[in-house]
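Here is the structure we will look at.
What follows is calculated from the coordinates using simple rules that are stated; it is not laboratory data. Here the structure is a predicted model, which means the values were calculated and not measured. As a convention, Cβ positions derive from the backbone with ideal geometry for all residues, glycine included, and neighbour counts pool all protein chains shown.
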């Protein structure tokens, strides 16, 4: 006896429904761990506060600015940094080892959608919890450090798109990086090299304009700048409109490159997968 | 079989035993040593890049010069190595034991529980950072053109010991909270984040932050004070405050630990 035929859902409706459901589940799950989330966010705030204090100290010593940036502008940069940093958090490449070893991936492979959508959907939903939890932190930081922030409407709009673009670029790129785990378990050094390059070339450490010229040119051709420095600068940098839109276009390009990379590498990676559990 | 009278040095002997076991365990995985060296070198290169970046824009930070900041970074790495080798593994294991009820196995042993939970884990490959820290410290001090007399060396050793004691107490106070708030895994993320503030001398931070990083999370005593000792900036006052604060912390930690232990419900609860 067969089940009654259900109307077929088109791919757009299907994916949209899948994403919305994943996001709702993520929100419901993560909201239960508010305290844990807060501990993590507060520990994470230490990093930009340290950079902010160091560079503001230098700026004040050098007569009010360093590299054309005042303490108030550093404060704006690093406070927006905290939101962008949270938006940047994606499924860690280190997580692949457990997924493969425990056979958790088997369950994900049984679904009719590519496993990456599970990660994209879940973390996207989590972002909404994070944004809500972040607001009080932003208020406190602004009271303490007096940022010089006057964004124009176009800055806010581009920023809203750019943070999600950053999320997508980082998601696909680190998915590809994580798939290295299918071939070797000694992934620590490889990942650390990539993360260090990202720290130095993305605008996470300092505004990219303070880095030496060769580093800035290198940052232009790598995806890191578009995940960190560009979203921050979009909001605080008062960039001209062509640069803002050009930045969004670069983000779209890196997302496309990453998406193709995921498709290609996944085909080879999943052939190496064999699990007994899950 | 040991007699009923407690030998006063037994904790030290036990530490030796646990250290040997831990070291033998880790020595099996020699590839981990290479990986640890690689990771420490990358972290060091990043730290040096940051100092280089700072000093491409200025010649001093507050009144700390580049060699002095190198010395601070050296102490930061060194102390980080001590924490990762001796302190943090024990605290993480204690959190797990409280959560899973396996702390019972410690409580039934004929030795003080606080001693046992503090000395049983040693991650010797993390000691690579201690060596790297010493090298960086040496380079910084060599560039200082001021000689290190025996007084500075002793002050430095004393400051390091006091600092490490305070970090241990701080960690144990936090971990004892696991007796009530069972899930505390994010604590060590929080600590790692806050510990990064020790990369720079705490004197550069605004007042409220400096006080927090001195008395709330004793980063100042762990990193800045020893760095001050080796760069001849240390005053007698500071080391006296450090000694008093360390003694007070040890007493408070002990009392808090015993209070927490009374609230431990065990594996069968």
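Applying the set (1) over 26 Å from residue A:129 (Cα atoms); (2) buried (at least 17 other Cβ atoms within 10 Å of the Cβ) to residue A:52 leaves exactly one unmet item: (1). Might you let me know whether the range B:187-196 holds any residue that is within 17 Å of residue B:229 (Cβ to Cβ) and out of contact with any strand residue (DSSP E or B) (no Cβ under 7 Å at 6 or more places or on another chain)? No, because not a single residue in the range B:187-196 is within 17 Å of residue B:229 (Cβ to Cβ) and out of contact with any strand residue (DSSP E or B) (no Cβ under 7 Å at 6 or more places or on another chain). Consider the range B:13-61 and keep the residues that are surrounded by 14 or more Cβ atoms within 10 Å (Cβ to Cβ) and assigned to a loop (DSSP other than H, G, I, E, B). The one that is farthest from the other protein chains (Cβ to nearest Cβ) is B:60. Within the range A:134-160, being touching a residue at least 60 places away in the same chain (Cβ under 8 Å) and part of a helix (DSSP H, G or I) holds for A:134, A:137, A:141, A:142, A:145, A:154, A:155, A:156, A:158, A:159. The criterion of at least 2 residues that are over 27 Å from residue A:58 (Cβ atoms) is met, among helices (runs of 4 or more DSSP H) falling completely within the range B:152-269, by B:186-195, B:236-262. Considering A:210, A:245, the condition of being more than 14 Å from chain B (Cβ to nearest Cβ) and touching a residue at least 24 places away in the same chain (Cβ under 8 Å) is satisfied by A:245 alone. Does at least one position in the range A:22-30 carry a residue that is within 14 Å of chain B (Cβ to nearest Cβ) and under 20 Å from residue B:196 (Cα atoms)? Scanning the range A:22-30 turns up no residue that is within 14 Å of chain B (Cβ to nearest Cβ) and under 20 Å from residue B:196 (Cα atoms). Scanning the range A:33-86 for residues that are more than 11 Å from chain B (Cβ to nearest Cβ) and assigned to a helix (DSSP H, G or I) yields a total of 17.
Scanning the range A:125-137 for residues that are within 14 Å of chain B (Cβ to nearest Cβ), surrounded by 22 or more Cβ atoms within 10 Å (Cβ to Cβ), within 24 Å of residue A:234 (Cβ to Cβ) and over 18 Å from the mean Cα position of the chain (by Cα) turns up nothing.
Of the candidates B:181, B:173, B:151, B:167, the single residue that is under 30 Å from residue B:100 (Cβ atoms), surrounded by fewer than 19 Cβ atoms within 10 Å (Cβ to Cβ) and more than 14 Å from chain A (Cβ to nearest Cβ) is B:173.
Can you confirm whether the range B:234-248 contains a residue that is more than 21 Å from residue B:73 (Cα to Cα) and either within 12 Å of chain A (Cβ to nearest Cβ) or in contact with a strand residue (DSSP E or B) (Cβ under 8 Å, 6 or more places away or on another chain) (or both)? Within the range B:234-248, not a single residue is more than 21 Å from residue B:73 (Cα to Cα) and either within 12 Å of chain A (Cβ to nearest Cβ) or in contact with a strand residue (DSSP E or B) (Cβ under 8 Å, 6 or more places away or on another chain) (or both). There is no residue in the range B:255-265 that is buried (at least 16 other Cβ atoms within 10 Å of the Cβ) and under 30 Å from residue B:49 (Cα atoms). Among the conditions (1) assigned to a helix (DSSP H, G or I); (2) within 14 Å of chain B (Cβ to nearest Cβ), the only one that residue A:203 does not satisfy is (1). Would you check if residue B:65 is within 9 Å of another protein chain (Cβ to nearest Cβ) and surrounded by 13 or more Cβ atoms within 10 Å (Cβ to Cβ)? Taking the combined requirement at face value, the residue does not satisfy it.
Among residues of the range B:196-230 being more than 20 Å from residue A:71 (Cβ to Cβ) and surrounded by fewer than 19 Cβ atoms within 10 Å (Cβ to Cβ), the one that is nearest to the other protein chains (Cβ to nearest Cβ) is B:196. Just checking, which of B:130, B:122 is part of a helix (DSSP H, G or I) and either touching a helix residue (DSSP H, G or I) at 6+ places or on another chain (Cβ under 7 Å) or within 30 Å of residue A:56 (Cα to Cα) (or both)? Exactly one of B:130, B:122 is part of a helix (DSSP H, G or I) and either touching a helix residue (DSSP H, G or I) at 6+ places or on another chain (Cβ under 7 Å) or within 30 Å of residue A:56 (Cα to Cα) (or both), namely B:130.
What about residue A:238, is it part of a loop (DSSP other than H, G, I, E, B), more than 28 Å from residue A:117 (Cβ to Cβ) and within 14 Å of chain B (Cβ to nearest Cβ)? Against the criterion (part of a loop (DSSP other than H, G, I, E, B), more than 28 Å from residue A:117 (Cβ to Cβ) and within 14 Å of chain B (Cβ to nearest Cβ)), residue A:238 does not qualify.
The number of residues in the range A:170-192 being more than 7 Å from chain B (Cβ to nearest Cβ) and part of a helix (DSSP H, G or I) comes to 15. Being without any contact (Cβ under 8 Å) to a residue 40 or more places away in the chain and surrounded by fewer than 17 Cβ atoms within 10 Å (Cβ to Cβ) is a property that residue A:257 has.
If you check A:215, A:252 for being part of a helix (DSSP H, G or I) and within 14 Å of chain B (Cβ to nearest Cβ), only one passes: A:215.
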